[in-house]
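Following: one structure in structure tokens, then a few remarks.
The values are calculated or read from the model by the stated rules, or taken from the named source; none is laboratory data. Remember, predicted model here, so these are calculated numbers, not experimental data. Please note: Cβ atoms are built from the backbone with ideal geometry, for glycine as well, and neighbour counts cover all protein chains shown. The area values use the complete protein model at the heavy-atom level, side chains included, leaving out ligands, DNA and RNA. Shrake-Rupley method; radii C 1.70, N 1.55, O 1.52, S 1.80 Å.
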Amino acid sequence: MALESLSQALNGALKKITRSSVIDKDVIKDVVKDIQRALLVADVNVQLVLEVTKNIENRAIDEKLPPGVSRKEHIVKIVYEEITRFMGERAEKIALRPPGESTILLMVGIQGSGKTTTTGKLARYYQKKGFKVGIVCTDTWRPGALTQLEQYVSHINIEVWGDAEEKSATKLAKEGVKHFKDKKYDIIIVDTAGRHKEEKGLIDEMREISKAIRPDEAILVIDGTIGQQAKSQAEAFKDATELGSIIITKLDGSAKGGGALSAVAATGAPIKFIGEGERIENLEAFEPERFVAKLLGFGDLKTLLDKVGEATKKQDMSKDDAKRMLSGKFTLKDMYQQLEMLSNMGPLQQVFQMIPGMGSNIPKEFVQSSEENLAKYKVIMDSMTERELKDPKIVHFSRVKRIAKGSGTRQEDVKALLNQYDMMKKMMKTMNKRKIGGMMSPNMFKNLKLQQ
Ligand SMILES: Nc1nc2c(ncn2[C@@H]2O[C@H](COP(=O)(O)OP(=O)(O)O)[C@@H](O)[C@H]2O)c(=O)[nH]1
Ligand SMILES: [Mg+2]
């Protein structure tokens, strides 16, 4: 995930609130100090940090509680709101032209910022949404630039246009765009060399190519590991073009990513995507609210609910279902239903990470065996009675034997299912005890605007 270390530090600060029996000024001040430290370590601008933490402190002490919200929830909400504010409040999308017309995107950024990688990721992102995407390589600078691009997208069947012999980037851009326009592609992404190390050269290069191809949007790719230094790049870019947006890369594992994000957001330039890994799928549309919720360790419940909505038409996962998952009061049948839904949503590990408080606490073996055993579980459960499904405690030796025989599985398989059920139930209970799940009251989500 992006900004892992910042996330852990903020999460730790918030846990102090949820664990305290009394919330007084001292606790608030202590927590605000922790938040301050976490943001400074992430290279967020000092001035900004002081502003944010002062706001949090004042509001946490002065504001009246809204009806139906506990003091703990209220403080968490304030932290969430203030941090969202400085990460940029609105989610912005790249505007695409109507069907039948090609949208041209121009990628700019200094060398090594991640342009080429992000070009491939963007192509993949839109390809998955059903668009026909072509890539134009205009990097005449770096040896093997064309091959790098071709290799990066080779397994996803995206056409790359380029000519390793041609020396003029502008000419390449023009011809490449024409090539894909003639083929009526929906989106044409033009990758550039970005051979300049400083802003001025970069902007000049962008202007030159822009003149030739008139892009619908120029996208500045910024390396997130440079922290708040990202600000000057974003500012120079913002002054030079109105059609600009920004993608910040390498937010995986970088301690300074929070600084880069907040510094760019402060310039008012829209951040549209973030890169969080080298793989072609590691691109995320940047939605500040959702991002911060995840960062603070609420889990990304809205994403989860959205996904469930897509995956299961009839058995849609309501808030109640989500709560049941956390309450530890579920039956074997519930577990099966949940596992089935989760398996529809893709790799279980990824899904678990979105569930509040679960994060990376889940043993890998558990996830793996869940995936593998899903099919077997269905067969076994088909041989169980309603009563057994609702109350698995009653399944003792003779029943195990009967169920195994009836389902054509081994007794060990039946026991494994029951063990897994116990394990999952225990896990949910622990979460609830730690009040992580308990914090996720519907009221809180109403206030966080995370509800569906
Ligand atoms: N960890 C990580 N590495 C990235 C990310 N994006 C790009 N990189 C790496 O950064 C290096 C430079 O990327 P490249 O796309 O060639 O940059 P360009 O010179 O701007 O085209 C490569 O090694 C990439 O794999 C990211 O989001 N996370
Ligand atoms: Mg490149």
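What to note about this one:
- Once region 111-139 is narrowed to residues that are within 13 Å of ligand 1 (Cβ to nearest atom) and free of Cβ contacts under 8 Å to residues at least 60 places away in the same chain, the residue that is farthest from residue 189 (Cα to Cα) is 139.
- Residue within region 108-118 that is within 16 Å of ligand 2 (Cβ to nearest atom) and either open to solvent by 60 Å² or more (accessible area, probe 1.4 Å) or more than 23 Å from residue 278 (Cα to Cα) (or both) present: yes
- So residue 88, is it closer than 30 Å to residue 258 by Cβ and more than 16 Å from ligand 2 (Cβ to nearest atom): yes
- Residue tally, condition farther than 25 Å from residue 198 by Cα and within 16 Å of ligand 1 (Cβ to nearest atom), over region 101-110: 0
- Of the residues contained in region 241-257, one or more are found to be touching a helix residue (DSSP H, G or I) at 6+ places or on another chain (Cβ under 8 Å) and more than 16 Å from ligand 1 (Cβ to nearest atom).
- Filter result for residue 268 (touching an Asp or Glu at 6+ places or on another chain (Cβ under 6 Å), among the small types (Gly, Ala, Ser) and either in the same structural domain as residue 118 (by TED's automatic domain parsing) or within 13 Å of ligand 1 (Cβ to nearest atom) (or both)): no
- For region 158-167, the condition holds for at least one residue, the condition being that it is under 24 Å from residue 274 (Cα atoms), modelled with pLDDT of 95 or more, more than 16 Å from ligand 2 (Cβ to nearest atom) and surrounded by fewer than 17 Cβ atoms within 10 Å (Cβ to Cβ).
- Count of residues meeting criterion [among the β-branched types (Val, Ile, Thr) and surrounded by fewer than 24 Cβ atoms within 10 Å (Cβ to Cβ)] in region 210-223: 1
- Within region 224-245, the set of residues being open to solvent by less than 30 Å² (accessible area, probe 1.4 Å) and under 17 Å from residue 114 (Cβ atoms) comprises 224, 227, 230, 233, 234, 237, 244, 245.
Yes/no per residue for (1) open to solvent by less than 40 Å² (accessible area, probe 1.4 Å); (2) within 25 Å of the chain's Cα centre (by Cα); (3) at pLDDT 85 or above:
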| residue | (1), (2), (3) |
| --- | --- |
| 357 | yes, yes, no |
| 390 | no, no, no |
| 400 | yes, no, yes |
| 414 | yes, no, yes |
| 417 | yes, no, yes |
| 435 | no, yes, no |
| 438 | no, yes, no |
| 443 | no, yes, no |
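- Where residue 87 falls short, out of the listed (1) touching a residue at least 60 places away in the same chain (Cβ under 8 Å); (2) open to solvent by 10 Å² or more (accessible area, probe 1.4 Å); (3) under 22 Å from the mean Cα position of the chain (by Cα): (2)
- The residues in region 188-204 that are within 15 Å of ligand 1 (Cβ to nearest atom), in a helix (DSSP H, G or I) and surrounded by 19 or more Cβ atoms within 10 Å (Cβ to Cβ) can be counted, and the count is 1.
- Candidate set: region 124-143, residues that are open to solvent by less than 20 Å² (accessible area, probe 1.4 Å) and under 25 Å from residue 167 (Cβ atoms); chosen: the one farthest from ligand 2 (Cβ to nearest atom): 134
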